[in-house]
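Undergrad: Starting off with a structure, shown below.
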Amino acid sequence: MNMNDLKNSKASVSTTTINKNEFDAPTENIYEAISIASKRAIQINADIKKELLEKLEEFATYSDSLEEVFENKEQIEVSKFYEKLPKPHALAIEEWLNDKIYYRNTEKDA
């Protein structure tokens, strides 16, 4: 998932109400639908966290002195960018409602 795609996502940053019937329509089971969306949110969160840590690693300084604490403007801008992104659960719900998540029930497939 590309960070620009995340930034331009229409996922809600605030609280919104979702129609239960629309949300569980693909599975006909609200608990299964929530489980699928939550697993996708965990994947999205892991991807975002990995990318953030890679970007912050560029700013890491390895010194033993505690006195050398300084403000890095670029690092602050990177952190602010990631703070403004929609939350992983909102992105996962948006993907679920737009049929962008592939899922299968192995118990039904057998």
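The values are calculated or read from the model by the stated rules, or taken from the named source; none is laboratory data. Since the model is a prediction, treat every value here as computed from it, not as a measurement. For neighbour counting, all protein chains shown are included, and Cβ atoms are generated from backbone atoms with ideal geometry for every residue, glycine included. Note: accessible area is taken over every heavy atom of the protein model, side chains too, but ligands, DNA and RNA are not part of it. Shrake-Rupley method; radii C 1.70, N 1.55, O 1.52, S 1.80 Å.
Undergrad: Given (1) out of contact with any helix residue (DSSP H, G or I) (no Cβ under 9 Å at 6 or more places or on another chain); (2) of a type in the set (S, T, Y); (3) at pLDDT below 90, identify the lone condition not met by S79.
TA: Of everything listed in (1) out of contact with any helix residue (DSSP H, G or I) (no Cβ under 9 Å at 6 or more places or on another chain); (2) of a type in the set (S, T, Y); (3) at pLDDT below 90, S79 misses just condition (1).
Undergrad: Same structure, new question: Out of curiosity, is N21 modelled with pLDDT of 85 or more and in a helix (DSSP H, G or I)?
TA: Spelling it out, N21 is indeed modelled with pLDDT of 85 or more and in a helix (DSSP H, G or I).
Undergrad: Anything in region 69-110 that is closer than 30 Å to A33 by Cα and not in a helix (DSSP H, G or I)? List them, or say none.
TA: Correct list: L85, P86, K87, N98, D99, K100, I101, Y102, Y103, R104, N105, A110.
Undergrad: What is the residue count in region 88-107 for residues that are touching a residue at least 60 places away in the same chain (Cβ under 8 Å) and not polar (S, T, N, Q)?
TA: Matching residues across region 88-107 total 9.
Undergrad: Related question: Which residue pairs have Cβ atoms under 8 Å apart, sit 6 or more places apart or on different chains, and have a first residue in region 42-59 that is farther than 17 Å from K84 by Cα and a second that is part of a helix (DSSP H, G or I) and open to solvent by 100 Å² or more (accessible area, probe 1.4 Å)?
TA: As it stands, the answer is F59/E74, since those pairs meet every condition given.
Undergrad: To continue, here is another question. Please work out which residue is most open to solvent (accessible area, probe 1.4 Å), limiting yourself to region 19-34 and to residues that are of a type in the set (A, V, I, L, M) and under 15 Å from D99 (Cα atoms). Explain how you work it out, then say what you get.
TA: Let us first name the residues in region 19-34 that are of a type in the set (A, V, I, L, M), namely 25, 30, 33-34.
From what is left, the residues that are under 15 Å from D99 (Cα atoms) are 25, 33-34.
Numbers: A25: 57, A33: 0, I34: 88 Å².
The selected residue is I34.
Undergrad: Which residues, taken from region 40-60, are open to solvent by 40 Å² or more (accessible area, probe 1.4 Å) and within 12 Å of L91 (Cα to Cα)?
TA: R40, I42, Q43, N45
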